[in-house]
């Protein structure tokens with residue numbers, strides 16, 4: 001439950017500290033005094049967004065701090081999951097800086113707004129005046145019936161699976177759109193890829209082709225020149241090698257007479273060995289060099305193919321062609337992989353849809369079993385709220401597996417009639433503001449029997465109500481306060497009289513600027529406030545006596 005709320009520098013609130021009772025807390029005050037501002041500050045604790053416009057003093061930060069008693073609410077696992085320190089008495093704080101930046105803390109540990117919302121939605125339920133619009137929501141009563149059926153955990157599991165299902169659907173649609181786009185160019189990509197693949201591109205091989213082709217195309221010249229070179233070096237007894245060998249032989253006979261001649265003999269020996277090696281290489285190359293028309297044709301065709309591809313793709317090197325080939329291969333693989341993933345996703349979605357539909361059918365069946373109970377209890381509560389002929393019908397529309405939604409296969413519409421002999425009609429076509437408020441209170445009372453939320457907050461749910469009905473609304477809120485902590489903002493003295501704790505909001509004009517304050521009313525102060533609510537300022541004795549009777 002909410003133990004206390006501290007507000008600093010928020011709207012027209014300078015500083016307010018509130019301590020709440022564990023049962024029925026009533027907040028009253030004149031219009032414009034700041035009651036709704038309290039709810040605005042509370043919404044910060046619940047993780048709603050805010051900006052610097054909420055700051056009363058723009059040079060200081062706004063701080064809202066709430067203390068909750070969490071004992072016996074089984075929230076330890078949440079704290080463990082979020083790596084937060086658990087305490088039976090937990091403090092939640094929001095800070096809004098002058099630049100509009102917001103920070104949230106749970107037990108002094110910084111958290112995201114998402115984490116804050118996940119925690120507080122298990123602690124507090126706020127019903128504001130505009131929430132009656134929820135009665136028109138075709139899924140609102142799905143949640144109500146789930147509470148009555150005690151299947152909220154099953155529904156959450158279903159919704160988690162449904163969310164994953166929708167993600168797969170989105171991925172499938174993306175892949176299908178990509179495939180349509182790829183299909184238009186896949187044939188062209190395949191043609192280009194096959195063309196490059198058939199060329200068997202290899203940068204080193206292309207260089208060797210040019211070299212080999214040059215040799216083959218000049219074979220006769222090579223053989224002729226090599227033959228002449230061989231003749232000059234070692235072709236006869238007067239060739240260079242023979243002459244050098246003869247000269248070295250003569251010098252070799254003189255090495256004992258002079259050291260320089262020894263070096264000269266060694267140099268000539270090495271030179272003649274090199275010439276012998278050269279002549280062997282000349283002979284080998286000459287023997288290996290033969291013109292081959294068929295080989296020339298093959299090499300020229302491959303060279304032409306590669307040159308054509310270089311020109312076609314506007315590049316100058318084989319390595320660039322190889323890079324283009326790799327890129328095209330990736331695109332082709334992407335298309336193939338996309339097709340395979342589409343087939344896999346379609347198969348998975350078919351299984352998921354079948355499983356979700358089976359779960360949704362069980363959920364729908366459980367809801368259907370509670371519809372009559374809900375109709376009966378709400379209609380009975382409407383009688384207590386001054387609508388003796390008021391009754392509702394919950395019209396359940398069940399879809400097929402192709403129309404699964406986040407709540408299963410159900411759409412539930414509320415039909416309402418406040419009058420005897422009048423067939424129930426859609427709520428947006430009938431029902432005054434007061435009737436809708438009472439209807440919502442009846443539904444909230446119904447749900448409160450099953451939910452475990454510690455704190456229920458009602459913002460003027462009694463709008464458009466007066467007299468005996470107001471008295472009955474007070475009794476219902478008082479009854480809710482036996483099972484939950486209830487905080488209600490009201491203008492009705494009949495409701496305020498039922499409070500276990502009465503908080504009064506007022507404007508203080510003592511300082512240079514107006515600001516909101518709040519105080520707890522007890523004894524004569526509370527009696528006087530209820531009398532004022534009955535008859536206005538300066539209430540007569542009769543009003544005070546009536547107030548005393550209301551308080552009991």
note = region 482-552: strands (runs of 3 or more DSSP E) wholly inside it with 1 or more residues that are at pLDDT below 90 and over 26 Å from residue 385 (Cβ atoms) are 501-508, 515-521
task = Examine region 474-483 for a residue that is more than 20 Å from residue 449 (Cα to Cα) and crowded, with 24+ Cβ neighbours inside 10 Å, and state whether such a residue exists.
result = no
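Each row is one residue, and each column tells you yes or no for (1) under 23 Å from residue 72 (Cα atoms); (2) surrounded by 18 or more Cβ atoms within 10 Å (Cβ to Cβ); (3) not assigned by TED's automatic domain parsing to the domain that holds residue 67.
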| site | (1), (2), (3) |
| --- | --- |
| 442 | no, yes, yes |
| 446 | yes, yes, yes |
| 458 | no, yes, no |
| 464 | no, no, no |
request  = Only residues that are within 18 Å of residue 93 (Cα to Cα) and either part of a helix (DSSP H, G or I) or at pLDDT below 85 (or both): list them for region 16-48, please.
outcome  = 37, 38, 39, 40, 41, 42, 43, 44, 45
request  = Spot the failing condition for residue 87; the list is (1) under 30 Å from the mean Cα position of the chain (by Cα); (2) part of a loop (DSSP other than H, G, I, E, B); (3) more than 24 Å from residue 22 (Cα to Cα), and only one is missed.
outcome  = (3)
query = Looking at region 169-191, is at least one residue free of Cβ contacts under 8 Å to residues at least 60 places away in the same chain, outside any strand (DSSP E or B), under 30 Å from residue 367 (Cβ atoms) and outside the structural domain of residue 459 (by TED's automatic domain parsing)?
reply = yes
inquiry  = Looking for something surrounded by fewer than 18 Cβ atoms within 10 Å (Cβ to Cβ), in contact with a strand residue (DSSP E or B) (Cβ under 9 Å, 6 or more places away or on another chain) and either more than 11 Å from residue 442 (Cβ to Cβ) or in contact (Cβ under 8 Å) with a residue 40 or more places away in the chain (or both) - is there at least one such residue anywhere in region 377-392?
reply    = yes
request  = Could you figure out which of (1) without any contact (Cβ under 8 Å) to a residue 24 or more places away in the chain; (2) in the same structural domain as residue 193 (by TED's automatic domain parsing); (3) crowded, with 16+ Cβ neighbours inside 10 Å isn't true of residue 328?
outcome  = (1)
request  = Please tell me if residue 414 is in contact with a helix residue (DSSP H, G or I) (Cβ under 7 Å, 6 or more places away or on another chain), closer than 24 Å to residue 148 by Cβ, buried (at least 18 other Cβ atoms within 10 Å of the Cβ) and in contact (Cβ under 8 Å) with a residue 24 or more places away in the chain.
outcome  = yes
ask   = Which of the residues spanning region 90-117 are in a loop (DSSP other than H, G, I, E, B) and within 25 Å of the chain's Cα centre (by Cα)?
value = 100, 101, 112
All positions within region 71-84 that are assigned to a loop (DSSP other than H, G, I, E, B) and in contact (Cβ under 8 Å) with a residue 24 or more places away in the chain = 73, 75, 82, 84
message = Need the failing condition index for residue 491 against (1) loosely packed, with under 15 Cβ neighbours inside 10 Å; (2) farther than 21 Å from residue 1 by Cβ, just the number.
response = (1)
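The values are calculated or read from the model by the stated rules, or taken from the named source; none is laboratory data. In this text the structure is predicted, and so the values were computed from the model without any measurement. In this analysis, Cβ positions are derived from the backbone assuming ideal geometry, glycine residues included, and neighbour counts consider all displayed protein chains.
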